[in-house]
Amino acid sequence: MAMHESIFDYSRYRYLWVSMVLSLGSIVAYLWHDPIGEPNGGSWLGYTLGTIGALLILWLLWFGIRKRSYKSRVGTMRGWLSAHVYLGTSLILIAFLHSGFQVGWNIHTLALVLMLIVIFSGFFGVYTYVRYPAVMTRNRDSATRQSLLDEIAELDAQALQLADTVDPKVHAAVLRSIERTEIGGSFITLLRPSDETDNALDQVKTFMEQRDKPAAGAPKKDMSTMFAMVDFLSAGSADAKSDALRKLLDTLARKRSLTDRITRDLQVQALMEIWLYVHVPLSMALLAALTAHVVSVFFYW
Amino acid sequence: MAERFQIAIVGSGPGGLSAAAHAAELGVSHVLLEAEPHLSNTIYRYQKGKHVMDEPGILPLRSPLEFKAGTREAILGAWNDGVARLAVNVKHGHEVSKITAQPGGGFLVECANKAQMIADRVVLGIGLQGNIRKLGVPGEDLPIVQYTLDDPGAFSGETIVVVGAGDAAIENALALAKQNTVIVINRRDEFARAKEGNLRGICKAIEEGTMPCYYNPGPEKVEALNVGRKKGRLVLQTPQGRAQILIDRIIARLGASAPRGFVEGCGVKFPSKDPSAVPAISPQYESNVPGLYIVGALAGYPLIKQAMNQGYEVVEYILGRKVEPADEPLLRDRLKNVPNFRSVDAFIADIQRNVPLLSQITPLQLREFLLDSEIHAPKPGATVFAKNDYTNTFFSIVEGEVEVVVDAAQNRRIKLKRGEFFGEMGLISGRRRAATVLAGPGAVLIETPRRSMNRLIQSVEAVKREIDKVFIARALQSRFTPESPIERLNEVVESARIVQFKAGDIVFNEGDPGDCVHLIRRGSLTISRQIGGKDVVLSYVAAGNYVGEMALLGDSRRSATVRAAIASETIRVEGEAFKRLIQRDPILRARLQAEYSARTASNLAMQQMPAGGDIISFLIAQGAGEATDILLIDEALCVRCDNCEKACAETHGGTSRLDREAGPTFANVHVPTSCRHCEHPHCMKDCPPDAIHRAPNGEVYIADNCIGCGNCERNCPYGVIHLAAKPPKKPGLLSWLMFGAGPGPGEAPYDPKAGKSSEKKAVKCDMCKDLKGGPACVRACPTGAAIRIGPEEFRAYARNRS
């Protein structure tokens, strides 16, 4: 029976078991092994673990090729990713056992550090994969990104039309906010979005406050919430302009919530992808450092 | 006195044109009557530059006019040249309104423009498009009034009135409104016929006031104006009074009047009311009205080359000559494996003598039937088809016998003899084969594809009756009493009848008295129950299963409500007859009781988890009720990497057949826009070259002989088929990785327009039937979010997720 299986429980945790057996085997061998001097990469066990680790790294790197071999029938991507995650994790242990927990300021430790960064950036990736898909679905609420953008464009047109009937000042404020609305951009912008619609909302509210003064007496200074405006509107003086203003407020508020949603959507998607910009280039650097490590070890043997 | 011709040809499509050209070539007195000011209106209305294909490639062309695959312009150009060269007597603007047989022989042909003529013989080649409905007011033929729209981008800054309430009118109005002022005139009071997306678009535009709309108006006249900035005006009667609109253009999209009424008016009989039925014609294309001939799409031959050949042949026949039909060599080739083969005619005579089912149809229909079919002479013991195959062809036994393996475990078989048929269950229910069939000694079988068989069933009432009768008996036997002889069931079969339900129709209600059992023969049903004032779906029952036995076994009232999930047909068996059958048959009773308790337990489990029922309801609403295999994405696992789409594109010539993002989501279950491989695929309904097939594992795929007409794209309710050109070739993995040559794996081509855009063919999911290990989309999903499941798994799926 076909069911959704995540990368963790793939094939009844097959690769979790494989990596546990590998890790436990390595630990037992390490404890049992009695090298001359301190445990290090130069003993027979050190070489063995080093070879296993190097092969593992090459195989983990092969994931990038397999992912792009769409016609490949060697396992499924889900199986590959599951194995990638579990065996990649066990690599931390194998690398440390291989070196006998020795570190220093040298090319060997550079390879180790790069490897750890790659693995931990991978952990972050796994975290985003677990955490964010559901967040994204909830935020999207069955709409596609394009349909959200379309709706925003439509709201803009409506807002301009409404603002036009109210006052040139309001129109200018709305127009400025539309012109300045930016969605997406660099990763930094994505993480700290600013919303121009807020400015427009504030200005429309200020404008209403001013209109409101003679009618509703002395308003409180901080009366900038929409609820207060609604109170004012329902209180009376429901001429055509207040009607348009009310609609304008609704439109802007709706746009505000849409830009929020779409920004959040982009933000989440960026989080699910950003770690790859560390994970992949550094894995290439790791390959170079690993090669240097292996060559130098044999050269200075 | 009306002019007299030997042959009058109505309609200048491929068939009519070819007939007229051949008559002109032979110097026979003829007239070709065409309503439009140009030839071949259907092809004329294709979009500019459209590539027209010349399927079937194996059929030779017989016509004085040229025809080979090419652009619309090249083909129309060649025909215009041919018509001029042969001096064909064409009369444009002659829309034939009436054809009456004269007492002294010959026909009186009357046209809408009052022209009349007498013809000894009439050839109808009017196709199926019908005549475009016009405005029906003075000025309807002015140049500012048009009835088609090729390119909405061609107009800008104009005031345009769009008349119509259908999808064509709405699509035109919405597209034109981007750069024109558009006013819509809907001659009814709502847009009832429109697709949902179009409806939403137009209602929004009207509500916002950007597109004024007049409902229920009576247009009075259209006038051209010489002064002022606008080219004309439209005067109309609105509920508020008389109004005039100054306009640049009127685009009227009022549909076409189906030709059937006209054809019946000429005295031609159709065998059934079904819209796909075609009139019966003789091998010489003569209808039931002597002297009145029918060729082309109207006679059931939708391909250009077939129609052209018929045009040629019909003139030969009228002149009393004998022509070997163009398909004769093809048929001879097809029949060469038949033991003791003498001639095509002798074989056809054999079929009519031996197979009662096929004796009802005309030799011409039978030829067409054989041309579509495969003839097999399998060795004894060879498998004809295996149980659980998804094929849907129909088999008739011309010679010898076959064995049906009723029960593989006990090796119980029944024999079917010469003249009988099998495979009707797959054909009608659209589901897997119910049993394996093995060839017996001397078997000669005709294997007919679904489309030809369905056309035959619709066209010949007797065929439908016979197949239904046998279907009922066999379906009841295989479902209820596979171990006892079919005669046991006589009483039940007598009481059974076929009932049809539309989607959402109630089969029976909770609390109704239980007086019958329904065996589903096509479609599927949902079982639901009122719990706490809410309708909770408990189960989903696919074709081949039954409902309603609970009331007959235990309590006498219905314990749940049963509704049709999609358009469905059931075999309704009378309760009394069924009860007596149960009393006689203890094995059946035991089995029913076992299934009954399993079902009760499952319903109870479902009742405790109403969320599961909601998921089933959601899937049904997405068309899963007619699916055989549907792609589902768990959005809690999907990381939106689009690797599924990339894998699809990479394994299918560069075009993805699925759209991950589009489609609705419920409780994290996302149904992307991707083929569901329907039991009765809507896309197969109207495929001129019959290029859409179902493979043994259930995949509905489009073969290479697709002509790119786009019918399947329009017929698919789920929007999963589109027309695509082949994109340019990509570099290999290494040259991309090392040298950056072109787009890499999974990347879109740099210049998507570089492919040959005119030769577009329809593409859809084929479930990667040619790749081992299953669909690439599912295999390429790194997180396990994408799976494909069949309807029998819905219940377990829903339970698992709630």
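A:GLY64 satisfies every condition listed in (1) more than 14 Å from chain B (Cβ to nearest Cβ); (2) open to solvent by less than 50 Å² (accessible area, probe 1.4 Å); (3) assigned to a helix (DSSP H, G or I); (4) of a type outside the set (Asp, Glu) except (1).
Selection over segment A:112-146 of residues that are under 11 Å from the mean Cα position of the chain (by Cα), open to solvent by 70 Å² or more (accessible area, probe 1.4 Å) and within 25 Å of A:GLY53 (Cβ to Cβ) gives a count of 2.
Scanning segment B:275-309 for residues being part of a helix (DSSP H, G or I) and either surrounded by fewer than 19 Cβ atoms within 10 Å (Cβ to Cβ) or out of contact with any Ser or Thr (no Cβ under 8 Å at 6 or more places or on another chain) (or both) gives a total of 7. Of the strands (runs of 3 or more DSSP E) lying entirely inside segment B:318-427, those containing at least 1 residues that are within 29 Å of the chain's Cα centre (by Cα) and more than 24 Å from B:ARG465 (Cα to Cα) are B:374-376, B:383-385.
When segment B:771-802 is filtered for residues that are within 21 Å of B:CYS678 (Cβ to Cβ) and part of a loop (DSSP other than H, G, I, E, B), the ones remaining, listed by number, are B:GLY774, B:PRO775, B:GLY790. The single condition among (1) in contact (Cβ under 8 Å) with a residue 24 or more places away in the chain; (2) open to solvent by less than 30 Å² (accessible area, probe 1.4 Å); (3) not acidic (Asp, Glu) that B:GLN607 does not satisfy is (2).
Given the criteria under 30 Å from B:ALA786 (Cβ atoms) and more than 13 Å from chain B (Cβ to nearest Cβ), does A:LEU22 qualify?
Working: under 30 Å from B:ALA786 (Cβ atoms): yes; more than 13 Å from chain B (Cβ to nearest Cβ): yes.
Yes; evaluated as a whole, the condition is true for this residue.
Within segment B:731-750, work out how many residues are open to solvent by 40 Å² or more (accessible area, probe 1.4 Å) and touching an Asp or Glu at 6+ places or on another chain (Cβ under 8 Å). Result for segment B:731-750: 0.
Quick one: is B:GLY49 under 30 Å from B:GLU158 (Cα atoms), in contact (Cβ under 8 Å) with a residue 40 or more places away in the chain and either in a loop (DSSP other than H, G, I, E, B) or under 28 Å from the mean Cα position of the chain (by Cα) (or both)?
On the way: under 30 Å from B:GLU158 (Cα atoms): yes; in contact (Cβ under 8 Å) with a residue 40 or more places away in the chain: yes; either in a loop (DSSP other than H, G, I, E, B) or under 28 Å from the mean Cα position of the chain (by Cα) (or both): yes.
When the stated conditions are applied, B:GLY49 passes them.
Here B:HIS677 fulfils each of the conditions (1) away from every other protein chain (no Cβ under 14 Å); (2) at pLDDT 90 or above; (3) part of a helix (DSSP H, G or I) apart from (3).
Within segment A:123-177, the residues that satisfy the criterion of being outside any helix (DSSP H, G or I) and out of contact with any strand residue (DSSP E or B) (no Cβ under 8 Å at 6 or more places or on another chain) are A:ASP141, A:ALA143, A:THR144, A:ASP167. Checked against (1) outside any loop (DSSP other than H, G, I, E, B); (2) surrounded by fewer than 20 Cβ atoms within 10 Å (Cβ to Cβ); (3) within 11 Å of chain A (Cβ to nearest Cβ), B:ALA662 passes all but a single condition, namely (1).
Name the single residue, out of those in segment B:201-240 being of a type in the set (A, V, I, L, M) and part of a loop (DSSP other than H, G, I, E, B), that is surrounded by the fewest Cβ atoms within 10 Å (Cβ to Cβ). Selected residue: B:VAL227. Hey, can you tell me all the residues within segment B:698-726 that are farther than 19 Å from B:LYS50 by Cβ and surrounded by 20 or more Cβ atoms within 10 Å (Cβ to Cβ)? Residues satisfying the conditions are B:GLY698, B:GLU699, B:VAL700, B:CYS716, B:VAL720.
Screening B:ILE707 on (1) within 14 Å of another protein chain (Cβ to nearest Cβ); (2) part of a loop (DSSP other than H, G, I, E, B) shows it passes everything except condition (1). Residue selection: B:GLU626 fails the criterion of being within 7 Å of chain A (Cβ to nearest Cβ) and surrounded by 20 or more Cβ atoms within 10 Å (Cβ to Cβ).
Considered as a group, the residues in segment B:229-267 that are closer than 30 Å to B:ASP327 by Cβ and without any contact (Cβ under 8 Å) to a residue 40 or more places away in the chain include one that is farthest from the chain's Cα centre (by Cα), and that residue is B:GLU264. When segment A:1-39 is filtered for residues that are in contact with a Gly (Cβ under 7 Å, 6 or more places away or on another chain) and open to solvent by 50 Å² or more (accessible area, probe 1.4 Å), the ones remaining, listed by number, are A:GLU5, A:GLU38.
Do we have B:GLU324 as under 28 Å from B:GLU110 (Cα atoms), open to solvent by 30 Å² or more (accessible area, probe 1.4 Å), free of Cβ contacts under 8 Å to residues at least 40 places away in the same chain and out of contact with any His (no Cβ under 9 Å at 6 or more places or on another chain) here? Even if it seems obvious, please write down each step before you answer.
On the way: under 28 Å from B:GLU110 (Cα atoms): no; open to solvent by 30 Å² or more (accessible area, probe 1.4 Å): yes; free of Cβ contacts under 8 Å to residues at least 40 places away in the same chain: yes; out of contact with any His (no Cβ under 9 Å at 6 or more places or on another chain): yes.
No.
Can you tell which of B:LYS114, B:LYS91 is within 23 Å of B:ALA256 (Cα to Cα) and outside any loop (DSSP other than H, G, I, E, B)? So the residue among B:LYS114, B:LYS91 that is within 23 Å of B:ALA256 (Cα to Cα) and outside any loop (DSSP other than H, G, I, E, B) is B:LYS91.
Condition check: more than 29 Å from A:VAL295 (Cβ to Cβ), in a helix (DSSP H, G or I) and more than 9 Å from chain B (Cβ to nearest Cβ). Does A:TYR86 satisfy that? Steps first, please.
Values: more than 29 Å from A:VAL295 (Cβ to Cβ): yes; in a helix (DSSP H, G or I): yes; more than 9 Å from chain B (Cβ to nearest Cβ): yes.
When the stated conditions are applied, A:TYR86 passes them.
In the set (1) within 30 Å of B:LYS68 (Cβ to Cβ); (2) open to solvent by less than 50 Å² (accessible area, probe 1.4 Å); (3) modelled with pLDDT of 90 or more; (4) of a type outside the set (Val, Ile, Thr), the condition left unmet by B:ALA382 is number (1). The set of residues from segment B:775-794 being open to solvent by 20 Å² or more (accessible area, probe 1.4 Å) and under 14 Å from A:VAL74 (Cα atoms) comprises B:PRO775, B:VAL778, B:ARG779. Residue check: B:THR655 meets all listed conditions (1) open to solvent by 30 Å² or more (accessible area, probe 1.4 Å); (2) among the polar types (S, T, N, Q); (3) touching a strand residue (DSSP E or B) at 6+ places or on another chain (Cβ under 7 Å) but one, namely (1). Would you confirm whether or not segment B:94-111 contains a residue that is among the aromatic types (Phe, Trp, Tyr) and not in a loop (DSSP other than H, G, I, E, B)? Taking every residue of segment B:94-111 in turn, at least one turns out to be among the aromatic types (Phe, Trp, Tyr) and not in a loop (DSSP other than H, G, I, E, B). Taken over segment B:629-643, the criterion of being more than 7 Å from chain A (Cβ to nearest Cβ) and open to solvent by 10 Å² or more (accessible area, probe 1.4 Å) is satisfied by B:ASP629, B:CYS641, B:ASP642.
Inside segment B:522-565, counting only strands (runs of 3 or more DSSP E) that do not spill past its ends, which hold 3 or more residues that are surrounded by fewer than 20 Cβ atoms within 10 Å (Cβ to Cβ) and at pLDDT 85 or above? Break it down into steps so the answer makes sense when it comes.
Values: elements: B:524-531, B:534-542, B:561-564.
Once the strands (runs of 3 or more DSSP E) in segment B:522-565 are filtered for at least 3 residues that are surrounded by fewer than 20 Cβ atoms within 10 Å (Cβ to Cβ) and at pLDDT 85 or above, nothing remains.
Residues considered: B:GLY93, B:GLY106, B:GLY77. Of these, the only one that is without any contact (Cβ under 8 Å) to a residue 12 or more places away in the chain and open to solvent by less than 50 Å² (accessible area, probe 1.4 Å) is B:GLY77.
The values are calculated or read from the model by the stated rules, or taken from the named source; none is laboratory data. Just so you know, these numbers come straight off a predicted model, no measurement behind them. Every residue, glycine as well, gets a Cβ built from its backbone with ideal geometry; the counts of neighbours run over all protein chains shown. Ligands, DNA and RNA are stripped out before the accessible areas are found, and what is left, the full protein with its side chains, is counted by its heavy atoms. Shrake-Rupley method; radii C 1.70, N 1.55, O 1.52, S 1.80 Å.
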